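Nothing in this text is a laboratory measurement; each read-out follows from the coordinates by a stated rule. Source: prediction; values computed, not measured. Cβ: placed from backbone, ideal geometry, glycine included. Neighbour counts: every protein chain shown.
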Amino acid sequence: MATSLKFPKDFKFGVATASYQIEGGWNAKGKGESIWDYQTHTFPHKISDKSNGDVSCDSYNKLDEDIKNLKQLKVRMYRFSLSWPRLLPSGFANNINEDGVRYYNELIDKLIANDIEPMVTLYHWDLPQSIENLGGWTSRAIVDYFGDYARICYELFGDRVKNWITINEPYSICEWGYGDGTMAPYYKSMGIGSYASGHNVILSHAAAYNIYNSEFRSKQKGRVGITVETSWLEADSDTKEDHEAANRMIQMYFGWFLHPIIKGDYPPVMRTQVDKKSKEQNFPRSRLPRFSAEEISQIKGTIDFLGLNHYTTFMVKNGSVGQVPSNYNDMEATRYQKSEWKHSAREIFKLVPWGLRKLLVWVKNEYENIEVIITENGYAGLEKETTEDLDRIEYYNLYLKEVLKAIHVDKCNITGYMAWSFMDNFEWSDGYTLRFGMYYIDFKDPKRERKPKKSAFVYQNIIVTKVIDENLLPNTFLH
Ligand code: NOJ
C-alpha cells in the first residue's frame, strides 16, 4: 500500500560501502598490510568460505563502473571508507602512498562531478597490521596514530569532503575484535580487552574531531560524526524489571560510546554495573577504565551528527547470562528474538521494521534531538540469491516507511539514509556467503561484472518519487 508520506525534498539518499569489503588491490602500488589482509592470508579458515578481500569487487580498478552505477541509482550521497594502509603503508604518518592519494582523489572528484556528495569514513576496520602489532585499539598509543592519520586525510581531501565519519561501529570493533574474537584481530578478551579498546576508540574519535575543529573547520566548513550501531531493544514485558534491563542493555551497548561522546562520560548505569561486577569478581579495579577530568572535557560534545547503523531488534528480559566476565554478563539482561519474525540469510538479522522507528524516537529523546543520518540498513541474502531479490525489496519498503513515520509523526531529526550495500561484497568472517548489495556480483567471474538487482530499481524509484509504494515492482530504472 502506498503511504501518502513523502521524504523531504533535501533528504539525502545514498548507498554505503567500506574499503576492505569492495576495493581489492590489496597490495597494489605501495599499499601496506591491514589486519584483514594478515588474518585472511595467515588463517584462511577463520573466514567461512576461506576467502579474502584480495580482489573482492575490484573497485580499485573499476572506479568508473562504480560511478556509472551510482549515477544510475540517482543517489545524492555515497558513503565509502578510506583504507588507512593504502594511504599510510607503514601505518604511521611518515610516508604517504601517492597511489592511494591518486585513487581517492579520482573517486572524490568523479563523485562531485556527478553531483554525488562524498561521505567518508576514516576507519572501517582495516587497521594497519603494524599498529595492531603494538596492541591495536587496546593500546593508548593509537590515539596519536589515529589523530595523525585523520589530519592527513583532512589535509588531502577536506577541500572537497564535507561529511566525515571518524570510526565505523565501535561496538563491533571492540566486542568482536577484542572481546569474543570473531573478527580481526580475533582476540578473545571479553569484558576486559573490549572495554580497553573501547576507551581508546572514544579518545581517538575525540582526537580526530578536535583536530578538525582546531585546524580545519574554519576553512573547510565540513562536519564530523561517528557511526554507531545498535539493534532496537524492546522490554519483554511491562514490568519495571524488564524495562530497566532493556535500558541497561541499550546504555551498555549503544550508550557505551555515544554517552561519552555526547555527554562526556560512560552512562552512569554502565559505570555502576561494571564497577559492581568487577568487585564481585575479585578484580583489583573496575574492568571499565576511567576518563580523567581533562579527557572528559576533550571528548564531550565531539559530534556534529550521528551516523546510525541498524539492522534488527531483540526482546530483553531481566536476568544474568553470558560468560563471566563479559559485557553481556555485566548488563544483567538477556535478549532473544521472536520465532515468528521473518529472518534474512543472517539468522539474527530479523525483519522488525517498527524497531527502527522506536529506536529513532529513543535517540531523539536521549540525545536532545541530535541530527541522525542512517549510515547503514539493509538485508542479507543467501549466496545463491539472484537479481530477483524480492525479500530485500520488502525489507527496504517496510523499514523506509518507519523512517517516514519517524520524520513526520515523531518529528525526529533524520536527514539521510544510506542503504547497505551498494553492491555484494566481502562480508568479513562470512566471506562471500552473504549478499547485501543492490548490485549483484559473481565473485567467480574475473570481470566482476555488476548487475542491478530488482531492489536497485525500487530504490531508485523511491529516490526519485520520494514515496514508498509497496505494490510497485519496476523492471528497469527510471530515466
Ligand atoms: C556492519 C558493517 O559496518 C558492515 O561492514 C557490514 O558489512 C554490515 N554491517 C553487514 O553486516
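Compare the peptides 118-129, 291-302 by average per-residue count of other Cβ atoms within 10 angstrom and give them in order, highest first.
Working: 118-129: 24.9, 291-302: 15.1.
The densest-packed peptide leads the list: 118-129, 291-302.
About the Cα centre of the chain, what is the dipole size in debye to 20, counting +1 per Lys and Arg Cβ and -1 per Asp and Glu Cβ, all else neutral?
720
Between S429 and E215, what is the label-point separation in nm under the 7 Å Cα-to-beta-carbon projection?
3.6
Can you put Y367, Y266 in order, fewest other beta carbons within 10 Å first?
Starting with the residue having the fewest Cβ neighbours, the order is Y367, Y266.
What FRET efficiency comes out for the pair K29/S320, r = Cβ-Cβ distance, R0 = 51 Å, nearest 0.05?
On the way: r = 52 Å, r/R0 = 1.03.
It comes to 0.45.
How would you rank 43-50, 415-422, highest first, on the average number of other Cβ atoms within 10 Å across their residues?
Taking the mean over residues of other Cβ atoms within 10 Å, the ranking is 415-422, 43-50.
Would you pull out the residues with amide H under 5 Å of S34's amide H, same chain only if 5 or more places away, H placed 1.01 Å from N?
Q129
May I ask which of K50/K342; K50/K188; K110/K411; K12/K411; K240/K338; K162/K405 have a Cα-Cα span longer than 25 Å here?
K50/K342; K110/K411; K162/K405
Starting with the highest mean, order 66-73, 369-376 by the number of other Cβ atoms within 10 Å, averaged over the residues of each peptide.
Going from most to least packed, we get 369-376, 66-73.
Can you list the aspartates and glutamates whose alpha carbon is less than 12 Å from that of K219, not counting same-chain residues fewer than 8 positions off?
Answer for K219, where 12 Å is the Cα cut-off: E155, D159, listed by chain and number.
For Cα pairs less than 8 Å apart in space and 6+ apart in sequence, what is the mean separation divided by the residue count of region 50-165, i.e. the relative contact order in percent?
The value is 30 percent.
Mind giving me the nanometre distance, one decimal, between the label points for K466 and D49, set 7 Å out from Cα along Cα→Cβ?
Each label point is offset 7 Å from its Cα along the Cβ direction, giving 4.0 nm.
One quarter of the convex hull surface, Cα atoms only: what value does that give for the chain in nm²? Present the calculation step by step, with values, prior to reporting the outcome.
Values: hull surface 86.0 nm².
For the chain, averaging the hull's shadow over all directions gives 21.5 nm².
Please compute the length gained on full extension between K276 and L473, using 0.36 nm multiplied by the number of residues separating them and subtracting their Cα-Cα distance. Intermediate results must be reported in sequence, preceding the final value.
Details: separation 197, 0.36 × 197 = 70.92 nm, distance 5.44 nm.
My answer for the length gained is 65.5 nm.
Rounded to the nearest 5, what is the percent of antiparallel bridges among the DSSP beta bridges in the chain?
25
Can you list the trypsin sites (Lys or Arg not before Pro) in region 340-402 that are in a DSSP coil and have 11 or fewer other beta carbons within 10 angstrom?
K342, K384
Could you work out [θ]222 nm for the chain from helices alone, using -39500 (n - 2.57) per DSSP H run of at least four and dividing by all its residues? Round to the nearest 500 deg cm²/dmol. Kindly include the intermediate steps, with their values, before the conclusion.
Numbers: 17 runs with 177 residues, N = 479.
One gets -11000 deg cm²/dmol as the mean residue ellipticity at 222 nm.
If you rank I303, I262 by fewest surrounding Cβ atoms within 10 Å, what's the result?
Result, fewest neighbours first: I262, I303.
Would you mind ranking T166, T182, T433 so that the residue whose beta carbon has the fewest other beta carbons within 10 Å leads the list?
Starting with the residue having the fewest Cβ neighbours, the order is T182, T433, T166.
Could you pull out every whole DSSP H run in the chain that spans at least 24 Å of Cα extent along its own axis and averages 0.0 or higher on the Kyte-Doolittle scale?
TM-like helix candidates: 193-211.
Work from the charge dipole of the chain (Cβ charges, +1 for Lys and Arg, -1 for Asp and Glu, about the Cα centre) and give the residue of L87, A184, Y432 farthest towards its positive end.
Of L87, A184, Y432, it is L87.
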